[in-house]
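The values are calculated or read from the model by the stated rules, or taken from the named source; none is laboratory data. What you see is a predicted model; the values in this text were computed from it and never measured. All Cβ positions, even for glycine, are placed from backbone atoms using ideal geometry, and neighbour counts span all protein chains on display. Quick note on the areas: whole protein, heavy atoms, side chains included, nothing else; ligands and nucleic acids left out. Shrake-Rupley method; radii C 1.70, N 1.55, O 1.52, S 1.80 Å.
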Amino acid sequence: MSDFLLEIGTEEIPDWMIEPALENLRANFQAAFGVFGGSALSMEATPRRLVLIAKDLLTQASDTETVVQGPYLSAGDKAAEGFARKQGTAAANLAKMSDAKGERYVFTQLVKGQSLFQALSEALPGIISGIHFPKSMYWTGKGDLRFIRPIRWIVAVVDDRVVPFEIAGVRSGNLTRGHRILGAKEPVAVTAATYFDVLRRDFVFVNAEQRRARIQEGLGPDVQRDDQLLRTLVYLTEYPSTIRGSFDPAYLELPKEILSTVMRHHQRYFSVLKPDGSLAPEFVAVTNTDADPDGLIRQGNERVLRARFNDARFFWQVDQQKKLSARVADLAKVTFQAKLGSYKDKTERISTLAAQLAAQTGADENVVQLAALLCKCDLTTDMVKEFTELQGVVGGLYAKAQGEGEGVATAIYDHYRPVNMEDAIPRTLEGQIVSIADKLDTLRESFRIGLIPTGTRDPFALRRAAQGVVKILFEARLNLPLIPLIQDVPSLIPFMRERIEFYLREVLGFFYDEVGAAMAPPLTTLADVAERAEAIRYVRPTEDFEPLAASFKRIKNILKQAGFDSSLPPKADLLAPGPEKDLHDAWLRVSEQTRVSGSYREKLVAIASLRPQVDLFFDKILVNDPNPAIRENRLALLNSLMTEFSTIADFSEIVTKGLNA
């Protein structure tokens, strides 16, 4: 057994590309070297290196036998001799085997397993060049290797032996490099066993979790938690240290959102909070050094932050000289999409749709109308032009500062929410309405001109917009039917249904067949769909539910095979006494119960109570009776059951366990 170490040393790799590259490298390695076994495969990375460590690999792959099929005996001796020559043997050495077409010649070939050393040497160049990056570059000449950044060194060792190969003019070896500033000036030798310790002495924490822990240790309890920023900084540093700085408290007159954005997005600083949750005039920066004994790094960071805060204060003061309501006309100069016009055009569409939604939901129409009119006006402000990630937020802050009212300000502030599945939905009904109107307008108009997402392209983030609409409708339980809002764009309907099904499965945790059963009836509100799915999950464990679902599958198949398409109810005078009449009477009783029952749970429990009558019907009654009138009447009875109860849930979608349908 041997351990293998691969380190690809590069110029600094963008932090957001590192983890996907590691997973890609892992998959490529496993596909190529799975035959060598191994007890563990671990991946590590810093900005300057991608690292793979494989433990306890076999030094020699097992020999394998391959059976090469040749001509059938009926083809004659000449064919057998030609096949034997091709395999490098004599016809007398061929074996015979039989299959459905007859007896044929075969040749069993022993393939000797490669040594680990040889296999690595041959395959590693292809594995490295096969790592996928969203963007890549040439550096040795066009037509040569493309990689995210120039490769400067490669370590490839099995235990302490170098695996020889070359890629992009760089030969593999056992020499690595430490920290760019703090480490030794010359490369240092490593083996698979000493790698981590050697680099640790050379001021490199190869393990990302160690870097994360080192940063967290230096933050302190008063630092605002920011997991995404922490993750970014882990992959921007090799030897992280924290530095606490301060700024003039006078800047705290600016809104917290603006100050935090400047620190987080533009400087990658952590904000510091007071006990009451407001911002303190301090920040924490993370540097890729061991210390700042003279405070020079702290002073430099404070100076840069002061300049950024001065810019933000200037933008705030200049922007307040023109109210949002005076900026509506300026939106005509801001293009939304070449074929869809300006943001003024979009604002007018949002306002019309938002007014319609407000009337349906009982939202304050005046608040909704004003918020819809002003929600995009911050795109014309200097603040958003400089800090684009604050669009919407700045609009809400400006609306509040300009006296537009708390309801209007909050609706504008929140109308981009949710920006992802983890984000909260808008806090107010009016904000939810404006957000839905904005997102639906983007979806409707984009689909109308053919801008439909594909598997690899979604430049207008339409999936995110659709998921935002779905999330709001589910979480707010709005009494707002979705399909009527998009039925004039037919191609959008299946797209939205996919997003609804995704939310039910991946967020709410329903099984795929429960989703299918709940989604089968005509869509009304998403709150209604959620209630159906919850009722199915509640009733499913009861003893009658899955057997009845199996019977409904049987009914569906019978009706399909019979080609039955009549909507007429069964005729009572053609019903046979006993199981057939009993099922008919039970159907009428349960049908009445489902009409008066308040909840889907009660309705499904009532439907599940039909199981004894349905079972007895199939045990005792021949549906395909020789008498055509009786056969049609029995099919009508089954169709009535299927049609009426499928308006609540399609039981035939439920996957049953070991039950014959």
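Data overview
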{"read-out": "Lys, Arg +1 and Asp, Glu -1 on Cβ, resulting dipole of the chain about Cα centre, debye, nearest 20", "value": "1360"}
{"read-out": "The stretch 55-124, dipole about Cα centre (Lys/Arg Cβ +1, Asp/Glu Cβ -1), debye to the nearest 20", "value": "180"}
{"read-out": "Rounded accessible area per residue of the chain, 1.4 Å, Å²", "value": "47"}
{"read-out": "The stretch 527-550 versus the stretch 1-69: alpha-carbon centroid distance in Å", "value": "46"}
{"read-out": "Near-label residues of the stretch 48-78 by backbone N, under 14 Å of a point 7 Å along Cα→Cβ of residue 98", "value": "73"}
{"read-out": "Loop-located chymotrypsin sites (Phe, Trp or Tyr not before Pro) in the stretch 124-185 whose Cβ has at most 10 other Cβ within 10 Å (DSSP)", "value": "none"}
{"read-out": "GluC sites (Glu not before Pro) restricted to DSSP loop in the stretch 381-432 with at most 15 other C-beta within 10 Å", "value": "422"}
{"read-out": "Estimated dipole of the stretch 388-538 in Debye, rounded to 20 [Cβ of Lys and Arg +1, of Asp and Glu -1, Cα centre]", "value": "220"}
{"read-out": "For the chain, with +1 on Lys and Arg beta carbons and -1 on Asp and Glu, the positive-most of 14, 574, 550 along the dipole", "value": "14"}
{"read-out": "Simple label model, 7 Å out from Cα along Cβ direction - residue 625 to residue 352, nm", "value": "5.8"}
{"read-out": "Pairwise label distance in nanometres, residue 246 with residue 39, each label 7 Å out on the Cα-Cβ vector", "value": "5.4"}
{"read-out": "Rounded to 5, percent antiparallel among DSSP beta bridges of the chain", "value": "95"}
{"read-out": "Helical contribution to [θ] at 222 nm, DSSP H n ≥ 4, -39,500 (n - 2.57), averaged over the chain, rounded to 500", "value": "-14000 deg cm²/dmol"}
{"read-out": "Gained length - residue 201 relative to residue 12, 0.36 nm times residue gap less alpha-carbon distance", "value": "66.0 nm"}
{"read-out": "From the coordinates shown, Rg and Dmax of the Cα atoms in Å corresponds to which of (1) 34.4, 102; (2) 26.0, 80; (3) 36.0, 123", "value": "(1)"}
{"read-out": "Cα→Cβ-extended label distance, 7 Å offset, between residue 306 and residue 463, nm", "value": "4.7"}
{"read-out": "Amide hydrogen neighbours beyond the local backbone of residue 56, cut-off 5 Å, H modeled", "value": "2, 3, 4, 39"}
{"read-out": "Mean Kyte hydropathy of -0.5 or more with a Cα span along the axis of at least 24 Å, helices from DSSP in the chain", "value": "15-33, 429-448, 545-562, 628-645"}
{"read-out": "Protein accessible area in the chain, 1.4 Å probe - carbon and sulfur %", "value": "50"}
{"read-out": "Filtered trypsin sites (Lys or Arg not before Pro), the stretch 97-179: DSSP coil and at most 10 other beta carbons within 10 Å", "value": "101, 112, 135, 142"}
{"read-out": "Efficiency of FRET from Cβ geometry, residue 186 and residue 1, R₀ 41 Å, rounded to 0.05", "value": "0.80"}
{"read-out": "Between the stretch 568-617 and the stretch 234-251, the Cα center-to-center distance that results, in Å", "value": "70"}
{"read-out": "Amide H contacts of residue 247 (H built 1.01 Å from N, under 5 Å, at least 5 apart or other chain)", "value": "282"}
